[in-house]
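Q: This is the structure I have questions about; it appears just below.
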Amino acid sequence: MGKVKANAGPLARRPDNSAFKQQRLPAWSPMLTAQTVLPFFYGMATVCVLLGVWLLVTVQNTHELKVDYTHAGSCDKCFEKRKDRANANQSCNCTVVFNIENTFKGDVFFYYGLINFHQNLRQYMDSRDDGQMIGRNKNLKNPSSYCEPFMKDKNGLPIAPCGAVANSMFNDSFTLVYHSAASRQVVPLFRKGITWYTDKNVKFRNPQVENKTLTLAQVFEGTGQPLYWQKPVYDLDPWDRNNNGFINEDLIVWMREAAFPNFKKLYGVLNRAIEPFTEGLPAGNYSVDISYNFPVEYFQGRKEVVLSTVSWFGGQNNFLPIAYLVTGCLILLLAVILTAVWWKFAL
Amino acid sequence: MQAVLSSDYSFAQFRFLERLLLVHGRWSYLRMCKFLRYFFYKNFTFTFVHFWYAFFCGFSAQTVYDEWFITLYNLVYTALPVLGMSLFDQDVNDTWSFQHPNLYVPGQLNQYFSKTAFFKCALHSVYSSVVLFFIPYAAMYDTVRDDGRDIADYQSFALLAQTCLVITVCIQLCLDMSYWTAVNQFFVWGSLAMYFVVTFSMYSNGTHINFPASFPFIGTARNSLNQPNVWLTILLTSILCVLPVVAYRFLLIQLRPTINDKVGTLTNHTGFCS
C-alpha cells in the first residue's frame, strides 16, 4: 500500500494511491466450482438423512394421547348448558373415560388444548396491560386504554387484570383418575412450575405495597374482576395462598398467547413421588373429571385434554424428522443430477 | 468548466475513458444490479411471510415478527452487509477487465437487471417466504420445550421466524457477494452478531421492567434459543432456502457459462484476488 501525498502543485488533488481508495483491497473471491459444490451437496445430504433418522427415533419414543371432550361422555349436557350465557354462574361437571395402552414412561405432562381459538388476533393481543401485570401501582387503578372494552366494569371500577386476553381465561379444571383393578386413585399433579421462569418472576408480579400485612384482597381493593370471571384475581387458587393475584400460574400460562388457532397449554405435571406413578403413567383405564366452564360453541371450537411425555427434542411432533429425511433425499437427488451434468458437459 | 459542473463524470485525458467504461462503469452496473436484486429479495421475503400468516391469524394483520425487529431489520440487521456489497464488489479485477473488454457486453444488453430478472427475484422471494413460514409453523405445531413448557406461543414463534429470516438472507448475501474484503467480512458477521446482541438486550429483564408495554418479549430469547428443536428448524430453513439457489447457479455455470464465469475461472485458480 503506497501512499503518495503531494500538498501543493498540479498533483495536489490526486486521490491517494492506497488499496482502499483504488479498490485494490485484498479479498477472497469464492467461486462455485465442482470441487466445492459437489462434495458439499453430498455432505449435506448425509447430514440431513442422519439427522432425520436420529430425530425420528427420538420422537417415536415419546407418547401422546389426546382426548376431545367437547361433547364426549357426559360432557354433552354441559356443552348444551354452556350454549346459554344465562347459565354462566351454574357449575357443570362431567366425566370422560379413556384408556392408556402403553405405559407412559418418564415425566408426563397434562395439557388442555383448544381448537379454533385465535389467540393471535391482532386486536386481541393488543388488549392487555403489561404495566399492570408487572405490578405497577399506577397501572393497577389506571389500566391502559388498549384494554377497552374490558377496562372498567359496570360499577366503574378499573378491572384487574384488564383486557380481552385475561378476560377470556380458560377456566375448566380437571381431575385425572386412575382406575386400577382394585380401586380408583386420583393422579397427583403438580399445578405449579408450569410457567417460564421469567414469566413467573419478572413479567408478572403482584402490586407492591409498603404495608406487608395487607392481604391480597386488600391490595386489590378498588379494582373489579374481569367481566367473564367467576372469581376475583386474588382468589384464583383457594388452596395455595402464594398462587394468587397476577402470579397465578394458570393466568400466566393463559396470558402467553399461542401463535396458532390450535394449541395446548400446560395444566399440570405428574407427581412421580407417589405409587404407582413413580415410573410414569401406568397403562390402564383412566377418567377425567371436568368442571366444564369454557364455552366453545360460539367460535365452533373444540376442547381436549392431552397427556404427553417429552424428550430433549420436545413433544411428539414428527414433522422435523420427516422433513430432514425428505430434504436429505432431495439434496442427494440434486447432487446426483449436478454430478451427471458436470460429468457430461464440463469434462 | 460549466460542462464539468453539470456532468456526471469528468476526466482530463482521453486515455482515462477506457478505465472509466471498462472498469468503473462495469463495476458500477454490476454493483447496482446486485444491490437491487438482493434488496428486493430480502424485503419481499420479509413481507410475504406476513401474507402466509394472515391465513392463520384470522386476517387481522398481526405481524409475524416482533415490532422492534421490523423497525431494525432494514436499519441495523441488513443495512451494512448490502452496503458493503454495493461498495466493494468486483467480479474480476481491473487488469482482467482491460484484457477482456467483452465483459462489458452484459451491461449493454441490460442482462443483470431487467423485468425478467425482477420477476425471477420475486419468484425466489415467494419460495423463500413459503419455506420461512411453513417450516417453522409445522415444526412448532403442537410441540413443547424439553421441560414440557410452552414453545408454540406467539413470541417464541416470532423469534424463531425472525432468526430464520436473518440467517437465511445473510447466507443469501454471502452467495451473492463475489469479492470478500475485510470490510465486507466485518459488516456481515458484525450484523449477525448485532442481531443477537440487540435481541438479547431487548428481551432482557431490565428493559421490560422499565418499559413493559414497549418490550413485552421478555425472556423469549433465553427460553427458546436454548432448545435444540429451534436451532434444528433454523438449520433446515436455511438449507431449504439456499441450496436450490446454489444448485441453480452451479447448473448455469456448467450449461450456460457467461463471459464472467469463463474469465472468472481464468483469474481464480487460487481463489484469492488482490
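Bear in mind that the values in this text are calculations on the coordinates, not laboratory data. As the structure is a prediction and not an experimental result, all values here were calculated from the model. All Cβ positions, even for glycine, are placed from backbone atoms using ideal geometry, and neighbour counts span all protein chains on display.
Q: Would you give the gap between the C-alpha center of region B:131-157 and the C-alpha center of region A:101-157, rounded to a whole Å?
A: 19
Q: Next question. Give the long-range amide H neighbours of A:Val305: residues separated by 5 or more places, or on another chain, with amide H under 5 Å away, using H modelled in the peptide plane at 1.01 Å from N.
A: Under 5 Å from the amide H of A:Val305 lie the amide H atoms of A:Val67, A:Asp68, A:Tyr69, A:Gly113, each far enough along the sequence or on another chain.
Q: Taking only the Cα atoms of chain A, how large is their convex hull per residue, in Å³? Walk me through the intermediate numbers first.
A: Numbers: hull volume 102.2 nm³, N = 347.
Per residue, the Cα convex hull of chain A comes to 295 Å³.
Q: Next question. Taking DSSP loops as anything outside H, G, I, E and B, show the longest stretch in chain A free of chymotrypsin sites (Phe, Trp or Tyr not before Pro) there with at most 14 other beta carbons within 10 Å. All intermediate terms of the calculation are to be shown ahead of the outcome.
A: Details: sites that count: A:Phe20, A:Trp239, A:Trp312.
With a cap of 14 other Cβ atoms within 10 Å, the longest stretch comes to A:21-238.
Q: Could you work out how far the C-alpha centroid of region A:39-67 sits from that of region A:196-237, in angstrom?
A: Cα centres, region A:39-67 to region A:196-237: 45 Å.
Q: Another one. For region A:278-294, in order, what is each residue's ³J(HN,Hα) by Karplus, 6.51 cos²θ - 1.76 cosθ + 1.60 with θ = phi - 60°, in whole Hz (x at glycine and Pro)?
A: For region A:278-294, the Karplus curve yields 5, 8, x, 9, x, 5, x, 8, 10, 9, 10, 8, 10, 8, 8, 10, 7 Hz.
Q: Highest mean first, how do A:56-63, B:175-182, B:130-137 rank when packing is the count of other Cβ atoms within 10 Å averaged over residues?
A: Working: A:56-63: 15.9, B:175-182: 19.4, B:130-137: 22.2.
So the peptides A:56-63, B:175-182, B:130-137, ranked by packing, come out B:130-137, B:175-182, A:56-63.
Q: Moving on. What nm distance separates the two modelled labels at B:Leu87 and B:Phe14, each placed 7 Å from Cα along Cα→Cβ?
A: 3.7
Q: May I ask for the net charge around B:Val263, where only other residues with Cβ less than 12 Å from the Cβ of B:Val263 are counted and Lys, Arg are +1 while Asp, Glu are -1?
A: Working: positive: B:Arg26, B:Lys262; negative: B:Asp91, B:Asp261.
Local charge sum for B:Val263: 0.
Q: When every alpha-carbon pair in the protein assembly as shown is counted, what percent end up more than 31 Å apart? Write out the running numbers ahead of the final one.
A: Details: 116668 of 192510 pairs.
It works out to 61 percent of all Cα pairs.
Q: Follow-up question, since we're still on this one. Long-range amide H contacts for A:Val108: which residues qualify at under 5 Å (H placed 1.01 Å from N, peptide plane, sequence gap of 5 or more or a different chain)?
A: Close amide H contacts, sequence-distant or interchain: A:Leu270.
Q: Net charge near A:Gly106: determine it from the other residues with C-beta under 14 Å of the C-beta of A:Gly106, scoring Lys and Arg +1 and Asp and Glu -1. Write down the numbers at each step before the final one.
A: Values: positive: A:Lys105, A:Arg272; negative: A:Glu64, A:Asp107, A:Glu279, B:Asp146, B:Asp147.
Value of the local net charge: -3.
Q: May I ask for the distance between the Cα centers of region B:204-264 and region B:25-51, given as a whole number of Å?
A: Between the Cα centre of region B:204-264 and that of region B:25-51, the gap is 17 Å.
Q: Any of A:Lys141/A:Lys265; A:Lys66/A:Lys203; A:Lys192/A:Lys265; A:Lys344/B:Lys262; A:Lys77/A:Lys303; A:Lys152/A:Lys264 with alpha carbons more than 20 Å apart? Name them for me. Let's see the in-between values first.
A: Numbers: A:Lys141/A:Lys265 30 Å; A:Lys66/A:Lys203 31 Å; A:Lys192/A:Lys265 13 Å; A:Lys344/B:Lys262 18 Å; A:Lys77/A:Lys303 15 Å; A:Lys152/A:Lys264 30 Å.
Long pairs (Cα-Cα over 20 Å): A:Lys141/A:Lys265; A:Lys66/A:Lys203; A:Lys152/A:Lys264.
Q: Now, a different point. What percent does the relative contact order of region A:64-310 come to when contacts are Cα pairs within less than 8 Å and at least six residues apart? Walk me through the numbers on the way to the answer.
A: Details: 493 pairs, mean separation 102.0, N = 247.
The normalised contact order for region A:64-310 reaches 41 percent.
Q: Another question about this same structure. If amide H atoms are built 1.01 Å from N in the plane of the peptide, which residues on other chains or at least 5 residues away come under 5 Å of the amide H of A:Leu189?
A: Distant-sequence amide H within range of A:Leu189: A:Asn271.
Q: Going through region A:15-98, which trypsin sites (Lys or Arg not before Pro) have at most 15 other Cβ atoms within 10 Å and a DSSP loop state? Each step should come with its number before you reach the end.
A: Working: sites: A:Lys21, A:Arg24, A:Lys66, A:Lys77, A:Lys81, A:Arg82, A:Lys83, A:Arg85; in loops: A:Lys21, A:Arg24, A:Lys83.
The qualifying sites are A:Lys21, A:Lys83.
Q: Let me check against my output: what whole-number percent is the relative contact order of chain B, with C-alpha pairs under 8 Å and at least 6 apart?
A: Working: 237 pairs, mean separation 69.1, N = 274.
Normalised by residue count, the contact order of chain B is 25 percent.
Q: Let me ask something additional. In whole Hz and in residue order, list the ³J(HN,Hα) couplings for region A:250-257 that follow from phi through the Karplus curve 6.51 cos²θ - 1.76 cosθ + 1.60, θ = phi - 60°; x for Gly and Pro.
A: Those phi angles translate into 5, 5, 4, 4, 5, 6, 7, 4 Hz.
Q: Let me ask another. Which FRET efficiency, nearest 0.05, do B:Cys174 and A:Ala340 yield, Cβ-Cβ r, R0 22 Å?
A: Once rounded, the FRET efficiency stands at 0.25.
Q: While we're on this one: So how much slack lies between A:Met31 and A:Val209, counting 0.36 nm per residue of separation and subtracting their Cα-Cα distance, in nm? Show your work: numbers first, answer last.
A: On the way: separation 178, 0.36 × 178 = 64.08 nm, distance 6.60 nm.
So the chain would gain 57.5 nm between A:Met31 and A:Val209.
Q: Rank the residues B:Glu18, A:Glu249 as a footprinting-exposure proxy: fewest other Cβ atoms within 10 Å of their Cβ go first. List each step's numbers first, then the result.
A: On the way: B:Glu18 12, A:Glu249 22.
Result, fewest neighbours first: B:Glu18, A:Glu249.
Q: Which whole-Hz ³J(HN,Hα) couplings does region B:161-172 yield from phi under the Karplus relation 6.51 cos²θ - 1.76 cosθ + 1.60, θ = phi - 60°, glycine and proline marked x?
A: My calculation for region B:161-172 gives 4, 6, 5, 4, 4, 4, 5, 5, 5, 5, 5, 4 Hz in order.
Q: Further, regarding this structure: With runs of 4+ DSSP H residues as the only contributors, calculate the mean residue ellipticity of chain B at 222 nm using -39,500 (n - 2.57) per run, divided by the residue total and rounded to the nearest 500. Numbers along the way, then the final one.
A: Values: 14 runs with 181 residues, N = 274.
Theoretical 222 nm ellipticity from helices: -21000 deg cm²/dmol.
Q: Ratio of region A:87-191's C-alpha Rg to 2.2 N^0.38 Å, to two decimals?
A: Working: Rg = 19.7 Å, N = 105, 2.2 N^0.38 = 12.9 Å.
Computed over Cα atoms of region A:87-191, the ratio equals 1.53.
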